[in-house]
Amino acid sequence: MNKNNHFHLLGAVIATGILSFSGVLIETAMNVTFPTLINEFGLSTSKIQWVTTIYLLVIAITIPLSSYFNERFSARKLFLVANLIFLVGVLTNCFSPNFAMLLFGRLLQGVGTGIGLPLMFHLILTKAPLHKNGGIISNSLDWRYIYIFLLPLVIISLVLGLACLPREGAKTPKKLALRPVIALSIMFFAFISALSAEHLMTFALLFIVGLVGAFLFVRFNRKESLIDLGILQNHRFVALIFSLLVYQALLLGLSFVLPSFIQVSAGFSSSVAGLFMFPGALIGAVLAPISGKVLDQIGARKPITTGLILAALCLALLFVFLPTKSLALLLVAHIVLMLGLGISYSNLMTCSLSTLATDQLSDGNALVNTLQQFIGAVATAVVATTLSIFQGLNGFKVGTSHGTSIILALFFFLIIVSLIVSFPNLKKVRANH
């Protein structure tokens, strides 16, 4: 008997998609509220950034376990667990009385997203026919309303998922590669904590712990494979992934630093900061599916190279426009920047995975998703630490402005490097497309 007879694919994908969308939505939604959180909890920028960082880190640690989860548990059970954990995390943040509870809620949301996001792709890849693969709140209301308004979306996802995902029989037990997971967790948390350290000695000790965690992960992973690291021997894959990760760092870094600059240095409200980020985010979301069709028609080289050049140009413009504090000039530069990201970001991922053999795709997808979350956490930590340093040297308002300029210059340099690294490999990918 075919177990897919009672599998309502569209409803299941929509349900897991809503959960994944909620996870992506909440990933950076709190960034606009950071100045408010700094005042409410009396913490520095480098400490407040853990609201985003801990969320990304937990996702990065959970995603490599997706292969184990998919083989060990049914999609229905995984979805139910992911949704309920995410829901509890959202409820926790609806009523968080202190910073510790806020972080705990974010941790739970990270676990839910880390299970739910790979589940959505797993359903699409394994159940769908092959030919079908393809701020205002925080200003007028308390920041907790971000989570209150998210609750109905998560509940809709839960109801729809339970209705559409089938009850499947028990799966074959699979041993969990526990030691690599522990080593990976130590490595990630130690490196991010080092980047957020306020003293040199603390940084050095945490960095050493991170190196030990990295060494142990590589050693344990050879015996109990969590992710096949052999795919990193594919130089074309590594080159394109580097560019993809630069984009990820840019997206997460700008979603942190620009709202902070607009509120702290330019003197606008949090609602204005949120509205400032909205057009660019909308353009990126709209262009993502369209860019795939462009890739099919003209190949990878033109859209990705054009996107990288636009991103570099607009980063330079943001740097030049920053001292003017002109919202209009900054907005135009940001919109065109997101236009560049929109036509190249998803294509970079497609091209990077296309360099792998079919039997490597699962490990490649897990590695890419894990690195995206980790690099997002690294970018958030670096941006927050940079702002904290300049705020300490020059005061909160002026320091935020100077720190933002340095961050934009750093991202410009990284985009140029990624363009140089990826360009020769895009030609090869097109030839194989």
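The values are calculated or read from the model by the stated rules, or taken from the named source; none is laboratory data. None of these values were measured; they are calculated from a predicted model. Here the Cβ is made from the backbone with ideal geometry for all residues, glycine too, and neighbour counts use every protein chain on show. Accessible surface areas use protein heavy atoms only, side chains included; no ligands, DNA or RNA. Shrake-Rupley method; radii C 1.70, N 1.55, O 1.52, S 1.80 Å.
Using a simple spin-label model with pseudo-atoms 7 Å out from Cα toward Cβ, Lys223 and Glu198 lie 4.0 nm apart. Say the cut-off is 22 Å between C-alpha atoms; which of Lys77/Lys175; Lys175/Lys223; Lys47/Lys325 go over it? Check vs 22 Å cut-off fails for Lys47/Lys325.
The residues of segment 227-432 have, on average, 40 Å² of accessible surface per residue, using a 1.4 Å probe with all protein chains present. Across segment 238-252, coupling constants 3J(HN,Hα) worked out from phi with the 6.51/-1.76/1.60 Karplus curve, θ = phi - 60°, read 5, 4, 6, 5, 4, 5, 4, 6, 4, 4, 4, 4, 5, 4, 6 Hz, and Gly and Pro carry x. May I ask you to give the percent of accessible area on segment 34-119 that is carbon plus sulfur, with a probe radius of 1.4 Å? So the carbon and sulfur contribution to the accessible surface is 72 percent.
In segment 254-395, the portion of solvent-accessible area held by carbon and sulfur atoms comes to 73 percent [1.4 Å probe, whole percent, DNA, RNA and ligands not counted]. In order along segment 395-412, phi translates into HN-Hα couplings of x, 5, 6, 5, x, 5, 5, 5, x, 4, 4, 4, 5, 5, 5, 5, 5, 4 Hz, rounded to whole numbers, per the Karplus curve 6.51 cos²θ - 1.76 cosθ + 1.60 with θ = phi - 60° and x for Gly and Pro.
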